[in-house]
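Derivation of every value follows stated rules applied to the coordinates shown; laboratory data play no part. Since the model is a prediction, treat every value here as computed from it, not as a measurement. Don't worry about glycine lacking a Cβ; one is built from the backbone with ideal geometry, like all the others, and counts go over all protein chains shown.
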Amino acid sequence: MQQGKGVVIAMPHLGNFEISAHFFGAIGKATGLYRPPRKEELESVMLEGRNRPGQNRMVPTDRHGIKALYEALGNGELIVILPDQQPKTAKGGGGVFAPFFDVPALTMTLVNRFARKTGAPVYFIAFVRTGGKPEYKVIGLLAGEDIVSRDAEKAATELNAGVEKLARQYPAQYQWTYRRFREQPDGSNPYKKQDSSRL
């Protein structure tokens, strides 16, 4: 942030990512993407919690939201992305297949585009519970050089490797119920009954 490039925070489905708003709000202004919930009445509650303590801003996952993230990085601010959020499709350059725990996973190219175009560093960060008390600690690591590769698959492999490194530290706190592998290169879905033997 001191370099004026902003920071891309890649925050996987690990630990309690909902409390991140308080942490990021204490360091500076943070802008993050969100998908509106299926139940409209929950949207205001979700946004209120994530916008605390007032410096954070949530933007929708559309072209206006992407533009807002570029602007935030241009202002030297933080942007927050869930790197293991599966893109809707591999078509149109939104995602590529890369290994995640040695299984092909459709992986976003968005983090790579932000890092490559702005020069902002990418940090993998998670908020994990420690012990039996409701106490959390922040764990994280800086992404490797391949995160800015022009080879989309190489960059996606680096992205998944960062998520995997954090998840291996606290496997019980990773959200395994999020179906990362539901789309495979051959068109199969291992979560369907007929394909379940593949995982």
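Pairs Lys88/Lys192; Lys29/Lys154; Lys133/Lys193; Lys67/Lys165: which exceed 28 Å Cα-Cα?
Working: Lys88/Lys192 18 Å; Lys29/Lys154 30 Å; Lys133/Lys193 38 Å; Lys67/Lys165 30 Å.
Pairs exceeding the cut-off: Lys29/Lys154; Lys133/Lys193; Lys67/Lys165.
Modelling each spin label as a point 7 Å along the Cα-to-Cβ direction, I'd like the Lys192/Ala172 distance in nm, to one decimal.
Between Lys192 and Ala172, the label points sit 3.6 nm apart.
Under 5 Å between amide H atoms, partner at least 5 residues away or on a different chain: which partners does Met58 have, H built in plane at 1.01 Å?
Gly32
To make sure I understand, if each residue's beta carbon is the centre and we count other beta carbons within 10 Å, what order do Asp146, Asp186 fall in, fewest to most? All intermediate terms of the calculation are to be shown ahead of the outcome.
Details: Asp146 16, Asp186 7.
Ranked by crowding around the Cβ, least crowded first: Asp186, Asp146.
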